1. Suppose we keep only residues that are under 21 Å from the mean Cα position of the chain (by Cα) and touching a residue at least 60 places away in the same chain (Cβ under 8 Å) within region 259-295. Which one would you say is nearest to THR198 (Cα to Cα)?
2. Could you list all residues from region 186-229 that are farther than 19 Å from ASP241 by Cα and touching a Lys or Arg at 6+ places or on another chain (Cβ under 8 Å)?
3. Please list, ordered by first then second residue, the pairs with beta carbon atoms under 6 Å, 6 or more apart or interchain, first in region 305-317 and part of a helix (DSSP H, G or I), second open to solvent by 20 Å² or more (accessible area, probe 1.4 Å).
4. Taking region 136-176 on its own, how many of its residues are part of a strand (DSSP E or B), in contact (Cβ under 8 Å) with a residue 40 or more places away in the chain, among the hydroxyl-bearing types (Ser, Thr, Tyr) and open to solvent by 40 Å² or more (accessible area, probe 1.4 Å)?
5. For region 1-18, which residues satisfy the criterion of being surrounded by fewer than 16 Cβ atoms within 10 Å (Cβ to Cβ) and part of a strand (DSSP E or B)?
6. What residue, of LEU71, LEU58, is open to solvent by less than 20 Å² (accessible area, probe 1.4 Å), of a type outside the set (Gly, Ala, Ser) and touching a residue at least 40 places away in the same chain (Cβ under 8 Å)?
7. Would you call SER48 assigned to a loop (DSSP other than H, G, I, E, B) and hydroxyl-bearing (Ser, Thr, Tyr)?
8. Can you tell me which residues in region 205-258 are acidic (Asp, Glu) and without any contact (Cβ under 8 Å) to a residue 40 or more places away in the chain?
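The values are calculated or read from the model by the stated rules, or taken from the named source; none is laboratory data. Worth saying up front: this structure is predicted, and the values here are computed from it rather than measured. Positions of Cβ are backbone-derived with ideal geometry, glycine not excepted, and every protein chain shown enters the neighbour counts. The protein model used for the area step is the full one, side chains on, heavy atoms only, and it has no ligands, DNA or RNA in it. Shrake-Rupley method; radii C 1.70, N 1.55, O 1.52, S 1.80 Å.
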Amino acid sequence: MVTRTITYKLYPGIQATNTLHWARKMHCDLYNASLRNRKNQYQRWGNSISYFDQQRSLTELKKELPEYAQLACNSLQNTLKRVYFAYQCFFKGLSKYPRFKGKHRYRGWTYPCKSGWKLHTNNGVNGKLELKDLGLSLRMRGQARTWATPKTCTIVWDGKDWYASITVDCVPERQTGNNAVGLDFGCNTAISFSNGNTVEAPKFQAQAQQKLNQLSQNLQRKKKPIKGRTKASRRWKKYQDKIKKVKKTEANRRHDWSHQVAAQIVSVNSLVATEKLNLQGMTRKGKRQKAGLNNSILDIAISKTKNLIKYQVEEANGVYLKAPTQQLKPTQPCAKFGDLCLSH
């Protein structure tokens, strides 16, 4: 049994959209209030507030603020748990100190159990999502490759559209071949196979850069917002939305390309070997001349493609291998065996 996430796109009406934004704002305020409570208690009195302390205070919160009584209790608890996880990541050195989130940066909330929502679908193909605490029935579109009993539901707003991420515990099945192949990633040629085949780089960034340059020139001619003084003009906001749309389309095309390439490779090969690359070091910011190389590497999405290939091969009961960055080479005669020793 493995946990898989299926993402569906939601199609709410005008009133349903307003209700979703209201619920998102309520969860955002709760997140900021929880963070403020932890900071004040520690900075003023040296008290360390735990997740269970804040969870017990939800009853008093609903009495003082009746609007929170409408929201599902488990979703409010999950919002408090986000603050707890943010602090745990900070203590482990995995992230920076938690900070407050604005209403435009807070993306959504989660139902960690089945109460508060219900899914109406036929084996994971399209259907409707019912949010009981908000009184909404939302039409959704999407298809699950492997379906099982849904466990959790996360409502996400990406700045324009609404999505629902459903997690299921299932036993996935995937067909694969009996061949073996080695993969080498590059910039001009995205993937080179050990059997001589190649996959050319899609160059999504170069295709979108022309549109972004033109939109950026038009944006500079519009009235820019000055914090605390003037507001942005409607045309400035219009071109900002166009730039966001182009970038989102580019990201979606790259995501779709990675999935398709990974699926094609796994459908033929049950053993896949890839080179072990330090992508974080390869794309580290340095001299200005290296910016083009960094963009070319990131445009292929090597890390994402490798992760997709890995999980799909393991899902099909295949073998995934990582070759070392440096091959073994003969160096000098061995004093013991009188032959060439192999070392890195």
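1. Out of the qualifying residues, it is VAL261.
2. PRO202, PHE204
3. Sorted first by the residue in region 305-317, then by its partner, the pairs are LYS310/TYR320; VAL313/TYR320; GLU315/PRO172; GLU315/ARG174.
4. Residues flagged as part of a strand (DSSP E or B), in contact (Cβ under 8 Å) with a residue 40 or more places away in the chain, among the hydroxyl-bearing types (Ser, Thr, Tyr) and open to solvent by 40 Å² or more (accessible area, probe 1.4 Å) within region 136-176 amount to 1.
5. Correct list: VAL2, THR3, THR5, THR7, LYS9, TYR11.
6. Working: LEU58 fails: touching a residue at least 40 places away in the same chain (Cβ under 8 Å).
Within the list LEU71, LEU58, the selection yields LEU71.
7. Working: assigned to a loop (DSSP other than H, G, I, E, B): yes; hydroxyl-bearing (Ser, Thr, Tyr): yes.
So SER48 fits the description; yes.
8. ASP241, ASP256
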